[in-house]
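The values are calculated or read from the model by the stated rules, or taken from the named source; none is laboratory data. Keep in mind that this is a model prediction, so the values were computed, not measured. Virtual Cβ from ideal backbone geometry, glycine too; neighbours counted across all protein chains shown.
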Number of protein chains: 2
Amino acid sequence: MDIVIGVDIGGTKTKIGLVDQNGECLEQTFFRTQDFPNLTNYLDQIKITSDELIQKLGKEVNILGCGIGAPNASSKNGTIENASNLVWKESVPIIEKLKERMPMPMRIMNDASAAALGEMLFGGAKNMTDFIVITLGTGFGAGIVANGKLIDGYDGFAGELGHVDMTLGDGRLTGLGVRGGLEAYVSATGLKRTIMYMLSKYMVESRFRDVAYNDLHGEDITKAAEEGDEIALKAFDYTARVMGLALANFTAFTQPEAFILMGGLTNSGKWIMEPLERYFNANLLEVYKGKVKLMYSKMEGKTAAICGAAALIWEIQDKPS
Amino acid sequence: MDIVIGVDIGGTKTKIGLVDQNGECLEQTFFRTQDFPNLTNYLDQIKITSDELIQKLGKEVNILGCGIGAPNASSKNGTIENASNLVWKESVPIIEKLKERMPMPMRIMNDASAAALGEMLFGGAKNMTDFIVITLGTGFGAGIVANGKLIDGYDGFAGELGHVDMTLGDGRLTGLGVRGGLEAYVSATGLKRTIMYMLSKYMVESRFRDVAYNDLHGEDITKAAEEGDEIALKAFDYTARVMGLALANFTAFTQPEAFILMGGLTNSGKWIMEPLERYFNANLLEVYKGKVKLMYSKMEGKTAAICGAAALIWEIQDKPS
């Protein structure tokens, strides 16, 4: 059977899976990205993990290629450049280096753009020509589709919306030093920072007064909200406010039919979605009201990013080359 | 000879011209939009003016159609909706009404989108697949081209970047009530508002202490800057700062090869462009630095908008229909 290897390189985890032509992820696993600060070891680990998955699948497979989603990836250059949430800095020629280990057709793309391609091929955007996928993980990513095509930009770096300044040059710094940058507020990391901010701003009791920043996890914040922890509730409301405004702003750009949300922060469910819907609609221009859907990815959470990466290779199978 | 009527509906002026297949505007004129608050009279005036121009041209012409650029126009519905800088409010079915007077092929589009089409067909973007036209008139408009195609959006309202909130919901209100909206800062109107702001903030002498808001004109602000008026200089610097940040933000969206600027505010020349270049580059993400050009429209200032509108009809001449 034909199979594509999908690799999702995230700031926290590197997910690898084997994806068939229907977008089914047949095998998958992950390792911690930060366990491999040395690039050579990291690339070796991708090769080792891929081989293990193929062996585990236990079938005769024909590997069509490997698709990679990563933050700050340039599809045109085959590189990852200055990614703020990855350990290797400057320009990493990842396609070239990985092909030495795994000689096969290979493509890389901004992780959120890959996810958007996955939604078009396999997911909830099969019939849409204008939509935006938002990934809310360690950072904030966006994959923009307009006129039925992914927007890649002049040099392959379109969709870096996590670094849009929301505050006229005021506010928090992102990992890339952008003052007021969106992902400093709206991401798993942003939510943690907002917990700290709320602890500084208010004096109400909270379970988070006993938790260090580095020990904070998204699941705990959701749990705290469920228990009525005021700091957690305020943090979700604040995150949703910034995000609602951001998505309303983005609507004025390409007027998407829908925003498709995925990534760690969406696991917080209604605690983020309910205020998000409210703030989004309040900020939307009159001409857009009632026309823009906020939806979750229909692809299974754990494998959406892997399938998106694999879509990079599946996409080019249909085309004459 | 084949001719297209181009109509640019602006908050201040309505410009009409006759455009040939090379994008040459053979005849043109304008009337004041606000002189015709009644829609029936206004549409009659477009018909009258068009007829006058054709008569003035004094040649046997074959009119292929009429293209219209207007703020808040929906290309899909043929309407202008809730335009903050026009006198008629709510939804105006302009194509339907104008066709009653001028039965011919007719298309309408957001004025800045029409301008972008004009730049692709006739102007400085002939070889570009990814660029953004910015119109700086009474308002702030944007026409976005990506993958070689104009971005229209799900419902024909893409590119309303003048209503992007730059301030996390703080700041000035636009004509549509958007708090912190870009066009409240970056437009001919925005510059006037900033003169007022600077007069409130500083106590330095300025010629503008003797000028009422309604008597302020862009040319006078440029002239004052040339004479070293500190309030004028501060106003240009502030406008350029907000605009530089905005264009850097927009770059993260579609990564254009160039921004092409046109409209009244560009007549201020170096007073806006020099600080704009500085602020733009300072705010640009590392991956974009040195890759994005800021340029003026190469189309003649007075006719660029007319030619853009006419491009709506010229564009569909080449296509089989």
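Just name the residue that is nearest to the other protein chains (Cβ to nearest Cβ) out of those in region B:133-144 that are among the aliphatic types (A, V, I, L, M), closer than 13 Å to B:Glu119 by Cβ and within 8 Å of the chain's Cα centre (by Cα).
Residues of region B:133-144 that are among the aliphatic types (A, V, I, L, M), as a first pass: B:133-134, B:136, B:142, B:144.
Now drop any that are not closer than 13 Å to B:Glu119 by Cβ, which leaves B:133-134, B:142, B:144.
From what is left, the residues that are within 8 Å of the chain's Cα centre (by Cα) are B:134, B:142.
Values: B:Ile134: 13, B:Ala142: 8 Å.
Looking at residues that are among the aliphatic types (A, V, I, L, M), closer than 13 Å to B:Glu119 by Cβ and within 8 Å of the chain's Cα centre (by Cα), I get B:Ala142.
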Going through region A:252-273 in order, the residues found to be surrounded by 24 or more Cβ atoms within 10 Å (Cβ to Cβ), within 27 Å of B:Val178 (Cβ to Cβ) and not hydrophobic (A, V, I, L, M, F, W, C) are A:Thr254, A:Gln255, A:Pro256
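Is it the case that A:Ser84 is outside the structural domain of A:Thr174 (by TED's automatic domain parsing), in contact with a Phe, Trp or Tyr (Cβ under 8 Å, 6 or more places away or on another chain) and surrounded by fewer than 24 Cβ atoms within 10 Å (Cβ to Cβ)?
Values: outside the structural domain of A:Thr174 (by TED's automatic domain parsing): yes; in contact with a Phe, Trp or Tyr (Cβ under 8 Å, 6 or more places away or on another chain): no; surrounded by fewer than 24 Cβ atoms within 10 Å (Cβ to Cβ): yes.
No.
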All positions within region A:101-132 that are out of contact with any strand residue (DSSP E or B) (no Cβ under 8 Å at 6 or more places or on another chain) and away from every other protein chain (no Cβ under 14 Å): A:Arg101, A:Pro103, A:Gly118, A:Leu121, A:Phe122, A:Lys126
Got a sec? Which of A:Ile108, A:Ile48 is within 13 Å of A:Ile5 (Cβ to Cβ), of a type in the set (A, V, I, L, M, F, W, C) and under 17 Å from the mean Cα position of the chain (by Cα)? A:Ile108
The one condition in (1) in a helix (DSSP H, G or I); (2) surrounded by fewer than 24 Cβ atoms within 10 Å (Cβ to Cβ) that B:Cys307 fails to fulfil: (2)
Taking region A:145-158 and keeping residues crowded, with 23+ Cβ neighbours inside 10 Å and either assigned to a loop (DSSP other than H, G, I, E, B) or at the interface with chain B (Cβ under 7 Å from one of its Cβ atoms) (or both) leaves A:Ala146, A:Ile151, A:Asp152, A:Gly153, A:Phe157, A:Ala158
Could you look through region B:167-212, keep only residues that are hydrophobic (A, V, I, L, M, F, W, C) and surrounded by fewer than 16 Cβ atoms within 10 Å (Cβ to Cβ), and pick out the one that is modelled with the lowest pLDDT? B:Leu173
Looking only at region B:159-185, filter to residues that are among the acidic types (Asp, Glu) and in a loop (DSSP other than H, G, I, E, B); which one of those is farthest from B:Ile80 (Cα to Cα)? B:Asp170
When you go through A:Ala224, A:Ala184, A:Ala258 one by one, which is the residue that is over 23 Å from A:Gly123 (Cβ atoms) and within 14 Å of chain B (Cβ to nearest Cβ)? A:Ala184
Which one is nearest to the other protein chains (Cβ to nearest Cβ), of the residues in region B:160-181 that are on the phi < 0 side of the Ramachandran plot and free of Cβ contacts under 8 Å to residues at least 12 places away in the same chain? B:Asp170
Could you check region A:270-291 and list, in sequence order, the residues that are in contact with a Phe, Trp or Tyr (Cβ under 7 Å, 6 or more places away or on another chain) and not charged (D, E, K, R)? A:Trp271, A:Ile272, A:Pro275, A:Val287, A:Tyr288
Look through region B:274-291, keep the residues that are more than 13 Å from every other protein chain (Cβ to nearest Cβ) and under 21 Å from A:Thr167 (Cα atoms), and return whichever of them is surrounded by the most Cβ atoms within 10 Å (Cβ to Cβ). B:Leu276
Tally time: how many residues in region A:6-43 are assigned to a strand (DSSP E or B) and within 17 Å of A:Glu300 (Cα to Cα)? 16
Would you confirm whether any residue within region B:209-230 is over 15 Å from B:Thr138 (Cβ atoms) and of a type in the set (Phe, Trp, Tyr)? no
Report yes if A:Glu205 is charged (D, E, K, R) and within 15 Å of the chain's Cα centre (by Cα), otherwise no. no
